[in-house]
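Just so you know, all these numbers are worked out from the coordinates, no wet-lab data involved. Everything quoted here is computed from the prediction, not taken from an experiment. Quick reminder, even Gly has a Cβ in these numbers, built from the backbone with ideal geometry, and neighbours come from all protein chains shown.
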């Protein structure tokens, strides 16, 4: 696939998601997540700052999928372990700090 093909496919997918959710339907991408349309329950509500009535708002709620969540947690844990190791070596100031800096060069 060329870059143009990928761009076209991704743009088309996003347009379909936007159109479907704007119709009030849910879009589920198995393993990735779901897009749910959501709106305020009150037809008109008063703004606290301006004290004017404003129309109900519509928004999209995203629920993360099981596979995506599992991968995200694994990446976050791995990143935090590496980060804490680097911080630990800096605070101790022992030879491990010298090894890290020489390995980066």
Can you tell me how much longer the chain between residue 2 and residue 22 gets when fully stretched, taken as 0.36 nm per residue apart minus their C-alpha distance, in nm with one decimal?
-> 4.2 nm
Using the number of other C-beta atoms within 10 angstrom as an exposure proxy, rank 30, 60 with the fewest first.
-> 30, 60
